[in-house]
1. How many residues does the range 30-68 contain that are in a loop (DSSP other than H, G, I, E, B), surrounded by fewer than 17 Cβ atoms within 10 Å (Cβ to Cβ) and more than 13 Å from the ligand (Cβ to nearest atom)?
2. Hey, among the residues in the range 69-81 that are part of a loop (DSSP other than H, G, I, E, B) and farther than 15 Å from residue 27 by Cα, which one's nearest to the ligand (Cβ to nearest atom)?
3. So if I check each of 88, 62, which one is at pLDDT below 95 and in contact with a helix residue (DSSP H, G or I) (Cβ under 9 Å, 6 or more places away or on another chain)?
4. Looking only at the range 12-24, which residues are away from the ligand (no atom under 11 Å from the Cβ) and either closer than 11 Å to residue 87 by Cβ or in a helix (DSSP H, G or I) (or both)?
Ligand code: FES
């Protein structure tokens, strides 16, 4: 089992995460204030921008294929290298989801 270093840019926080565990589960264990909600790769609340490094996240269904290159859903993502992540950065599709929600709310009026 390989362990990787995950650094959160701008916070000074750094944790060690094995290739077998999700970044979010390790954050919770280490007391890192990573936001999350669904924990099944759908809501995007746990998103972080990948500044440097690679993750595996085949079950990150909330991300488009292109977004998977630049964003990690930490509830699903496992490190595939040492990483630098920027927490609280969200992919463009989160805006599209919000717009759909706005339309649905307007239709209910
Ligand atoms: S907590 Fe919802 S996508 Fe990760």
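1. The total comes to 7.
2. Ranking the qualifying residues of the range 69-81, first place goes to 80.
3. Only one candidate passes the filter, namely 62.
4. 13
The values are calculated or read from the model by the stated rules, or taken from the named source; none is laboratory data. Note that this is a predicted model, so its numbers are computed, not measured. Neighbour counts are summed over all protein chains in view; Cβ atoms, including those assigned to glycine, are modelled from backbone coordinates with ideal geometry.
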